[in-house]
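Take a look at the structure below.
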Amino acid sequence: MEMIEAAAIRAGNVVRIDGTLSRVVSHEMHGTGKFGKSVHFKLKNLSDGHSLERSLKAEDRVELVEVQNLRLQYLYKEGDNLIFMNNETYEQYPLPAKVIGKQEIFLKVNADVRALSIGDKPLTIDLPKAVELKVLHTAPGVKGQSDTTFKEAELENGLKILVPQFIREGETVRVDTENFSYVDRVTVKSMAEK
């Protein structure tokens, strides 16, 4: 068990505060040396997926939990659990869907994902910042409209987002997994750069 000062905690760290494991989404330092500094955290509870905020004095000590990255494959949903498998050991792990929350829509069957784990017990998964999805349905672009005018598009996973007028059915778009918004269109050139 490693205890560190709140001021040393960074986004992505997993901490135990009041007996609850949480992942640090963001942190901000407030105050000055004269009146004492405090750190404001935005956290994601790893047992129920809820977001919470917490402020601590900069010198308060917090338990930093060491986690490992585990490569898992998403298999299927069973009741309220999402089932993942370790491709090396073939061991299966259920994760409560509520831990992943609305981002579950980005999971594809048989897709490899990165999981945060303590030992070999997965706590949550790490989705990439953006995913590529095919546009199934969208209205044709309106002539004379600028590229800053958006229209609705339905993607292959059922998600509906706003996209620029130039996007057509069958094209692939990149979507931000945090805020569910359009990032850009995937072109043959941009796919080749990967």
Whether the chain is rounded, prolate or oblate, judged on the alpha carbon gyration tensor where a/c under 1.5 counts as rounded: oblate
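For a footprinting-style exposure proxy, rank His137, His50 by other Cβ within 10 Å, fewest first.
Going from least to most buried by this count: His137, His50.
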Cα-based shape type of segment 2-65, given that a ≥ b ≥ c are square roots of the gyration tensor eigenvalues and the cut on a/c is 1.5: prolate
DSSP-assigned coil residues among GluC sites (Glu not before Pro) in segment 1-83, each with at most 16 further Cβ atoms within 10 Å: Glu59, Glu66
FRET efficiency for Arg185 and Asp112, using Cβ-Cβ distance with R0 set to 35 Å, rounded to 0.05: 0.90
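From the cross-link list Lys44/Lys134; Lys44/Lys129; Lys57/Lys121; Lys42/Lys102; Lys77/Lys102; Lys108/Lys160, which pairs have alpha carbons spaced over 22 Å apart?
In this structure, Lys44/Lys134; Lys57/Lys121 exceed 22 Å between Cα atoms.
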Farthest toward positive dipole pole in segment 130-192 [+1 Lys/Arg, -1 Asp/Glu at C-beta], among Val186, Phe166, His137: Phe166
Cβ-Cβ FRET estimate between Glu2 and Glu169, R0 fixed at 41 Å, reported to 0.05: 0.20
Tail weight of P(r) past 16 Å, computed on alpha-carbon pairs of segment 90-168, percent: 61
At R0 = 22 Å, FRET efficiency that the Cβ-Cβ distance of Asp80 and His50 yields, to 0.05: 0.90
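Bear in mind that the values in this text are calculations on the coordinates, not laboratory data. Since the model is a prediction, treat every value here as computed from it, not as a measurement. We place every Cβ from the backbone using ideal geometry, glycine too, and count neighbours over all the protein chains shown.
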